[in-house]
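Novice: Just passing along the structure, written as structure tokens.
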Amino acid sequence: MGLITLSEVKPGLKLGSDVQTSRGNVLLQKGKIILPKDMEVLRAFLIHQVDIEQERAGTGSGGSKGLTGPSGAVGTAVAEKNGDRISTIVSAPVITLQDEYEKMVTLTKNAFLSSLAAELPVYELRTQLEALFMHLKQYNVLTFSPRNMKEHDYVYHHAVLSAITSYQLAQWIDLPSKDWMQVAFAGLFHDIGNNKVDPQILHKPSSLTAEEQEEIRQHTKYGYQILKQAKAINEGARLAALQHHEKVDGSGYPLQLTGTQIHIYAKIVAIADIFHAMTLEKIYRKAQSPYLVLEQIQSEAFGKLEPSIVNMFVQRSTQIHNGIRVKLSNNQIGEIIFSDRDHPTRPMVSVEGSIINLMQQRQLYIQEVLG
């Protein structure tokens, strides 16, 4: 709808951008549904125009009844008699982590498919990442599962999940806040070079030949080349595409870098990449237990991955409250009753009155967190 004058603004419309005072302070945030009281605020601050995302889809006809509000969501209409005037208030739709996640996956898919022919829409991707990170408190890397994942969209889900986890890891290891969004970009774009790899090789379900493996490895260089053309992405994010398969002992690729030669963004993204590659469902491979994957990542912490980042990832991601229900690998359902900080992936679980110590019964593991 774009810019409209204040006289045209009606309650129930949705702001397309922040409304700022003359001093640059945010008065009303982008995405807010305008209420009657907001009209008074806008007049008080002498706001003459506002940016509207879209109009109400419906207005109702008095009384209290369901309305279709902004974004097509069904809200609640409340009729208020104020003298001779009756105003209708449309409740804002409840936006969830899953909603913003699905928007991010769709945007990422479109961006990746067009990346070879056009410049990456970094600004749009950043805006949606910011909307997604508003719900970060709802995200737990061990329990979050896309609700509508199609297997052939694995690449885009993997990219978005890697971005979220990388962003969270950057916070956990106390990187400066200016790095957080760039680390998210590093996670989002780390495999974008796969766009230049032969799809038949990339999605081959059987073992690869030496030549095919070498072609797959080229995706790191391809990714760096693609990102060199992108604006608003720093060199760390580009290097993450190039270096996320490097190992601290020098056994990785493409340059056999060691230790401090590997950029911190690449070290973060390497962990997120491995975790989500193993815990997401693929066409030719079942998703693995997130707890087992954490244990495998821990086993690579010395010599392959950065130990301090791995330890932080395992400790923080397993901070699940006692009483959480879990499904064990033998299909028994129980509750976590105690977690040892030294062995966070192997808690004690109560199953039908019996206590199973996963530290002692190594053949069992947590298959799934049920909540």
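The values are calculated or read from the model by the stated rules, or taken from the named source; none is laboratory data. Bear in mind the structure is a predicted one, so any value in this text is a computation, not a measurement. Glycine gets a Cβ as well: all are built from the backbone with ideal geometry, and neighbour counts include every protein chain shown. Heads up: the accessible areas ignore ligands, DNA and RNA and are worked out on the full protein's heavy atoms, side chains in. Shrake-Rupley method; radii C 1.70, N 1.55, O 1.52, S 1.80 Å.
Novice: Most mobile of Glu300, Glu352, Glu281 per a Gaussian network model of the chain (Cα springs, under 10 Å)?
Specialist: Glu352
Novice: Counting helices only, and only those DSSP H runs with n ≥ 4, report the 222 nm mean residue ellipticity of the chain as the sum of -39,500 (n - 2.57) divided by its residues, in deg cm²/dmol to the nearest 500.
Specialist: Working: 12 runs with 139 residues, N = 371.
Helices in the chain give a 222 nm mean residue ellipticity of -11500 deg cm²/dmol.
Novice: Then there is this: Using the per-residue mean of other Cβ atoms lying within 10 Å as a proxy for protection, in what order, highest first, do the peptides 213-219, 146-152 fall? Let's see the in-between values first.
Specialist: Working: 213-219: 15.9, 146-152: 11.6.
Those peptides, ordered most packed to least, come out 213-219, 146-152.
Novice: What whole-number value in Å² describes the accessible area per residue of the chain for a 1.4 Å probe? Don't jump to the answer; show the numbers that get you there.
Specialist: Values: 19110 Å² over 371 residues.
Normalised by residue count, the accessible surface of the chain is 52 Å².
Novice: Still on this model: In square nanometres, what is the average projected area of the Cα convex hull of the chain? Before the final figure, lay out each step's value.
Specialist: On the way: hull surface 95.5 nm².
Average projection, Cα convex hull of the chain: 23.9 nm².
Novice: Looking at the chain as a GNM with Cα springs under 10 Å, which of Ile52, Ile337, Ile297 has the largest mean-square fluctuation?
Specialist: Fluctuation is largest for Ile52.
Novice: Using a 1.4 Å probe on the protein chains only, how many percent of the accessible area of segment 295-356 belongs to carbon and sulfur?
Specialist: Working: 1570 of 3390 Å².
It is 46 percent, rounded to a whole number.
Novice: For the full complex of protein chains and a 1.4 angstrom probe, list Ser317, Ser350 by accessible area with the highest value first. Working shown, then result.
Specialist: Working: Ser317 0, Ser350 35 Å².
Output order, biggest surface exposure first: Ser350, Ser317.
Novice: Between Glu8 and Thr143, what length comes free when the chain is fully extended (0.36 nm per residue of separation minus the Cα-Cα distance, one decimal in nm)? Before the final figure, lay out each step's value.
Specialist: On the way: separation 135, 0.36 × 135 = 48.60 nm, distance 4.53 nm.
Extra length available between Glu8 and Thr143 comes to 44.1 nm.
Novice: If you don't mind, there's one more thing I want to ask. Considering the chain as a Gaussian network with a 10 Å cut-off on Cα pairs, which listed residue, Thr220, Thr279, Thr96, attains the greatest mean-square fluctuation?
Specialist: Of Thr220, Thr279, Thr96, the most mobile in the Gaussian network model is Thr96.
Novice: Moving on. I need the fraction of alpha carbon pairs in segment 300-371 separated by more than 16 Å, rounded to a whole percent. Please list the in-between numbers first.
Specialist: On the way: 1240 of 2556 pairs.
Distances greater than 16 Å cover 49 percent of the Cα pairs.
Novice: Karplus couplings for segment 233-241 from phi (6.51 cos²θ - 1.76 cosθ + 1.60, θ = phi - 60°), rounded to Hz, Gly and Pro as x?
Specialist: 10, 8, 5, x, 5, 5, 5, 5, 5
Novice: Please compare each pair in Lys32/Lys178; Lys30/Lys178; Lys137/Lys282; Lys150/Lys286 to a cut-off of 18 Å on the Cα-Cα distance and tell me which ones are over it.
Specialist: Details: Lys32/Lys178 26 Å; Lys30/Lys178 22 Å; Lys137/Lys282 27 Å; Lys150/Lys286 14 Å.
Those over the limit are Lys32/Lys178; Lys30/Lys178; Lys137/Lys282.
Novice: With a 10 Å radius around each residue's Cβ, average the other Cβ atoms per peptide and rank 165-175, 355-365, 245-255, highest first. It would help to have the intermediate numbers written out before the result.
Specialist: Details: 165-175: 20.5, 355-365: 13.5, 245-255: 17.5.
The most tightly packed comes first, giving 165-175, 245-255, 355-365.
Novice: Excluding residues fewer than 8 places away in the same chain, name every one of the lysines whose C-alpha is closer than 17 Å to that of Lys304.
Specialist: Here the lysines satisfying the reach criterion relative to Lys304 are Lys247, Lys267.
Novice: In percent, how large is the relative contact order of the chain, given Cα pairs closer than 8 Å and 6 or more residues apart?
Specialist: On the way: 616 pairs, mean separation 36.7, N = 371.
Across the chain, relative contact order equals 10 percent.
Novice: What percent does the relative contact order of segment 275-358 come to when contacts are Cα pairs within less than 8 Å and at least six residues apart? Numbers along the way, then the final one.
Specialist: Working: 95 pairs, mean separation 14.1, N = 84.
With pairs under 8 Å counted, the relative contact order is 17 percent.
Novice: 5 Å is the cut-off here: which amide hydrogens, built 1.01 Å from N in the peptide plane, fall below it relative to Leu28, excluding neighbours closer than 5 in sequence?
Specialist: Long-range HN contacts for Leu28: Val19.
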